[in-house]
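To start, the structure itself, in structure tokens.
The values are calculated or read from the model by the stated rules, or taken from the named source; none is laboratory data. This structure is a prediction, so every number in the text was calculated from the model and none was measured. Note: ideal-geometry Cβ built from the backbone for every residue, glycine included; neighbour counts use all protein chains shown. What goes into the accessible areas is simple: the full protein's heavy atoms, side chains included, and nothing from ligands, DNA or RNA. Shrake-Rupley method; radii C 1.70, N 1.55, O 1.52, S 1.80 Å.
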Amino acid sequence: MNKKQLTDEIKKLKDELVKVTNSSKKLVKQEILKRKNMQEALSKSADKYHMLFNASDDLICVSDINFKKIYSVNDTACRNLKYSREELYKLQLKEVIRYDCVTNSNRKKVELLDEIHKGNSIRFEVAAITKSGTNIPMEVKSHKIELDDYEAVLHIARDIKERKKMEQELHKYTQNLENIVDERTKRISELEKQRTEIEKTAATGRMAAQIAHEINNPLAGIKNSFLLVKDAISEDHPYFSYAGRIEKEIDRIANIVRQMFDLYRPDQKAAYNFSLSESINDIVSLLEPTRREKEIKININNSDPEFKVFLPEGSLRQVVFNVLKNALEVSPLQSSIDIEILCKKKFFYIRISDQGPGISEKDCKRIFEPFYSKKNGQKSRGMGLGLSISKGITDALKGDLSIKPKKGPGTCFNIKFPSYIEVENDDSYESIL
């Protein structure tokens, strides 16, 4: 190769080297520009991420894979927990989270970690602990994430204090509703029971009235005929004493018939003003022979001796008479009976307590049933209609007659009557007449 050829070859190589150098510079410039654009985009993306991270209304926290070290928190977490970021980064997650209130299937922390390590997202409830020690109920959703060269857990927590409050209110309202339903059901059951008792009493009363009517007519003939026969028997006749016994038994049957009529047809007299104290004293006087015979002391304690009521007096007398008569019949000799009268504006109360053998709780449930009596073996044992009739009268007048079991001997009857009632306009009273 001569000198000229060598010179041309060197020039050609230099030209190619310039071209390669220029091309390389251009590529380097492009790469530098590309990297610069990527860095700017990454910076903008990071700024956008931090903006969204801190703008979220939910509490966001990034911890290590074992729920211990806190790597990052957003502004909402700092604001709600009352900590600065620097303070939170020095704490472990367990210092700001209580796991003992986890409610999702009662899972414990170890079970939650197991789910995270498997790569599963989990949702559970905890209590976040503020700097002042206040507990805030939180619902947390956690899942595993990859950060550079290590694994972490992203926790997104939402304050559910209001939701919990609403749940408690809902539970409270539900409980109240259930209580109301239970009360209504119980009330309906009581009303059904009362209706059944009223129907049974009404049917019993009608049957008793029909039987009494059928017995009364022939009984009247028997009594009138017997009076004629009795007048024809001289006192020196050997069987004259039987005449008195027969008359006594006829009167007893007539009294039973009268009680059977009363069961269906209570006192129908209108209401009027009268002295309650005088009426009670009259009833006590009517039972004076029985009281004197058994040497029983009757104590009357009246809160207002001048108290007047507007009621059908006959109805009141019948109720008090029946209860006091029963008390005298079951009381032992030389005992005492207490009558307490409490007068109020709308109602008055009469409590009659005796020292008799008492009534069991089982018998108390049936004591007001027609024809039910516990005075077995007593001379004065009746048909068991007195208390049933009295109960019907008090119920019709919007009052009450009840019995209070006592420990040991003795029985206490409580009578309640309204102080004022217009019988003419009272449907419930008319319905039993």
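If you check ASP149, ASP182, which single one turns out to be more than 47 Å from the chain's Cα centre (by Cα), open to solvent by 70 Å² or more (accessible area, probe 1.4 Å) and of a type outside the set (A, V, I, L, M)?
ASP149
How many residues are more than 60 Å from the chain's Cα centre (by Cα) and closer than 24 Å to LYS391 by Cβ if we restrict to the stretch 201-245?
0
Look at GLU162 and say whether it is open to solvent by 70 Å² or more (accessible area, probe 1.4 Å), under 18 Å from ARG79 (Cβ atoms) and out of contact with any helix residue (DSSP H, G or I) (no Cβ under 6 Å at 6 or more places or on another chain).
yes
I need every pair where a residue in the stretch 323-350 that is more than 20 Å from LEU387 (Cα to Cα) and hydroxyl-bearing (Ser, Thr, Tyr) has its Cβ under 8 Å from the Cβ of a residue that is open to solvent by 70 Å² or more (accessible area, probe 1.4 Å) and not in a helix (DSSP H, G or I), sequence separation at least 6 or different chains.
Going by the 8 Å Cβ cut-off, the qualifying pairs are SER335/LYS297; SER335/GLN355; SER336/LYS297; SER336/GLN355.
Among residues belonging to the stretch 74-100 that are of a type in the set (A, V, I, L, M), farther than 14 Å from SER142 by Cα and open to solvent by less than 20 Å² (accessible area, probe 1.4 Å), point out the one that is farthest from the chain's Cα centre (by Cα).
LEU88
What number of residues within the stretch 113-127 are touching a residue at least 12 places away in the same chain (Cβ under 8 Å) and more than 37 Å from the chain's Cα centre (by Cα)?
7
Part of a loop (DSSP other than H, G, I, E, B), out of contact with any strand residue (DSSP E or B) (no Cβ under 7 Å at 6 or more places or on another chain) and at pLDDT 85 or above, is that true of ASN106?
No: the conditions fail for ASN106.
Which residues, counting only those in the stretch 128-144, are touching a residue at least 60 places away in the same chain (Cβ under 8 Å) and open to solvent by 40 Å² or more (accessible area, probe 1.4 Å)?
Residue satisfying the conditions is LYS144 alone.
Residues of the stretch 321-357 being over 22 Å from ASP400 (Cβ atoms), open to solvent by less than 10 Å² (accessible area, probe 1.4 Å) and among the hydrophobic types (A, V, I, L, M, F, W, C), which ones?
LEU328
How about the stretch 209-225: which of its residues are touching a helix residue (DSSP H, G or I) at 6+ places or on another chain (Cβ under 9 Å), open to solvent by less than 60 Å² (accessible area, probe 1.4 Å) and modelled with pLDDT of 80 or more?
Within the stretch 209-225, LEU219, ALA220 meet the criteria.
Kindly evaluate GLU125 against the criterion of being open to solvent by 80 Å² or more (accessible area, probe 1.4 Å), modelled with pLDDT under 90 and part of a strand (DSSP E or B).
Spelling it out, it is not the case that GLU125 is open to solvent by 80 Å² or more (accessible area, probe 1.4 Å), modelled with pLDDT under 90 and part of a strand (DSSP E or B).
Filter the stretch 404-416 down to residues that are open to solvent by 60 Å² or more (accessible area, probe 1.4 Å) and part of a strand (DSSP E or B) and give me whichever is nearest to ILE350 (Cα to Cα).
Among them, the one singled out is LYS416.
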